[in-house]
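Every read-out reported here was derived from the displayed coordinates using simple, explicitly stated rules and does not represent laboratory data. These figures come from a predicted structure and were not determined experimentally. Neighbour counts are summed over all protein chains in view; Cβ atoms, including those assigned to glycine, are modelled from backbone coordinates with ideal geometry.
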Amino acid sequence: MNYTDKNMQDVWKKDKDHHIHPWTDFATFEDTGAMILSSGDKAHVVDGEGKKYLDGIGGLWCVNIGYGRQEIAQAMADQVMKIPYYSAFGHHTTQPAAELSAKLAELAPGDLNHVLYGCGGSVANDTAVRLVHFYFNQLGKPTKKKIISRVDAYHGSSYMTMSITGVKFDHIGFDVEKDLVHHISCPNPYRRPEGQSLEAFCDEKVQELEDKILELGPDNVAMFFAEPIMGAGGVIVPPPGYHKRTLDVCHKYGVLYISDEVVTAFGRLGHMFASEEEFGIVPDIITCAKGLTSGYIPLGATIISDKIYNVINKPQAEGALFTHGYTYSGHPVSCAVALKNIEILEREKICDNAKTMGAYFESQLRNLMDLPIVGDVRGKKFMICIENVADKETKELIDAKAKVGDRIANHCEDAGLLVRPLAHMNILSPPLILTKENIDFLVSTLRTAIEKTISDLKTEGFL
């Protein structure tokens, strides 16, 4: 990328030479480097050359309240001047950590009243694993350790959470834990067998979970991880009733149900938490991050039920401690930002905007189904995936060498819109403050980008 500004060119080169990016394509990075984002306002970001883009990615499922919030900056500054940090180990705390814990307990469903903090979603899910193992040890069930997850699920990038992640592409070249972690198939209605009803598909997936628990042995299975809507795996919305029925199966065998709301919490589906409001379940644990601070500062939380807390809060041996937590657990600046972020979400009724504008967003994007390569438009509110195929009838994919998702994203970028490419798909997770005008621009720009991509693919013989 050639920046005309010498300072930006210098930044670009320093980044390319020294910054290892997550999910980097090393085959192209040496030549292309990274786009420098220099500023943002509301639903837009600006690159190092001064070009403005509507952010259809929300940073990465993150910037729910939009960019440029002075209140957040002030909350950071105020807390830094009061006390920027103190360890939460043992018998110390800060006011923001205490206040946020109470607020999350108020917002979370059922008896999920207790909070452990970390720096993001991976840590929140890692904490859930360690906590559940400890819980069953305390109950005298030391064999109850195994974890069930799903193909195409995404739960993080630590060693354990990447093992729980079921996106096989992400495992290439890396080691993962294969004894503790077991996967059942993805509940993707779009890819169900031809002629199978949604009800029969749901029956099959629920039975598969029960069969897996029985295969591994109920005395050995500790937990089931489930995103309410699977995000990085392609925005998979399971069939109606799936979550309620899988939770019932888990509880039948004493398996804890972990709802990974790292993406879905704090408004993305129009609710502070989606588990109960959208899917009718009260899980044993909810993990969250991203929208908790709208990405303004790192923070994640693992919210647990009274049932779990009342077991783990008993000393397991004389003089023993609850030896879990992190240097930055309950970081006061991060907690102060989360409190201000939640205040903004509530005061400005951003969840309501996500419901009304999100419904409009869904309906307008579904109009793209008239395009010959758009096989599926799925998701809810401000969490949508467009799946592109070579043949709508057979759902056959376009040759991977065509990099159709990248092509569409590149055409969008040229026109001032950022969307996320994921193989043959494009994912949209914009700030929750989008207006009708923003949505109309996004959808029309995306339509043009897909049309240009179709033309490119025909010219190059991919279609």
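Using packing as a proxy for protection, rank 245-256, 22-33 so that the peptide with the highest average count of other Cβ atoms within 10 Å comes first. Intermediate results must be reported in sequence, preceding the final value.
Working: 245-256: 18.8, 22-33: 9.9.
Going by the mean number of other Cβ atoms within 10 Å, highest first, we get 245-256, 22-33.
Using the Karplus relation 6.51 cos²θ - 1.76 cosθ + 1.60 with θ = phi - 60°, the per-residue 3J(HN,Hα) values for the range 12-17 come to 4, 5, 4, 5, 4, 7 Hz, with x marking Gly and Pro. Going by the alpha-carbon gyration tensor, a ≥ b ≥ c the square roots of its eigenvalues, is the range 115-157 rounded (a/c under 1.5) or, if a/c is not under 1.5, prolate (a/b greater than b/c) versus oblate? Cα axes put the range 115-157 in the oblate bin.
Spatially, the range 201-216 and the range 35-85 are offset by 43 Å when compared through their Cα centroids.
Residues whose amide H comes within less than 5 Å of that of Leu256, counting only those at least five positions distant or on another chain, are Met223, Phe224 (H built at 1.01 Å from N in the peptide plane). Of His19, His91, His182, the sequence from fewest to most neighbouring Cβ atoms within 10 angstrom is His91, His19, His182.
Restrict the search to the range 264-322; then list the GluC sites (Glu not before Pro) that DSSP places in a loop and that have at most 14 other Cβ atoms within 10 Å of their Cβ. Sparse-neighbourhood loop GluC sites (Glu not before Pro): Glu318. Spacing of the modelled spin labels on Glu177 and Arg366, each 7 Å from Cα toward Cβ, amounts to 4.1 nm. Shown in residue order for the range 352-361 are the 3J(HN,Hα) couplings computed by the Karplus curve 6.51 cos²θ - 1.76 cosθ + 1.60 at θ = phi - 60°: 5, 5, 5, 6, 6, 5, x, 5, 5, 4 Hz (x for Gly and Pro). For the range 48-77, applying the loop criterion from DSSP together with a ceiling of 16 other beta carbons within 10 Å to the trypsin sites (Lys or Arg not before Pro) yields Lys51.
Residues whose amide H falls under 5 Å from that of His183, counting only those 5 or more places apart or on a different chain, are Ser149, with hydrogens built in the peptide plane.
Counting every other Cβ atom within 10 Å of each residue's Cβ, Phe169, Phe89, Phe273 order from fewest to most as Phe169, Phe89, Phe273. Taking amide H as placed 1.01 Å from N in the peptide plane, the amide H of Phe273 sits under 5 Å from that of Phe266, each at least 5 places away or on another chain. The trypsin sites (Lys or Arg not before Pro) of the range 115-222 that meet both conditions, a loop assignment by DSSP and at most 10 other Cβ atoms within 10 Å of the site Cβ, are Lys178.
Coupling constants for the range 230-241 follow from the phi torsions by the Karplus curve (6.51 cos²θ - 1.76 cosθ + 1.60, θ = phi - 60°), and in residue order they are 6, x, 5, x, x, 6, 8, 9, x, x, x, x Hz; glycine and proline get x. Taking a straight line from the alpha carbon of Lys314, these aspartates and glutamates sit under 15 Å away, with near neighbours fewer than eight places off in the same chain left out: Asp306.
Give the order of Met223, Met35 when sorted by the count of other beta carbons within 10 angstrom, beginning with the fewest. Don't skip to the answer; put the middle values down first.
Working: Met223 26, Met35 16.
Least to most surrounded, the residues fall as Met35, Met223.
Between Thr28 and Asp5, take the C-beta separation as r, use R0 = 25 Å, and let me know the FRET efficiency to the nearest 0.05. Write out the running numbers ahead of the final one.
Numbers: r = 23 Å, r/R0 = 0.92.
That gives a FRET efficiency of 0.65.
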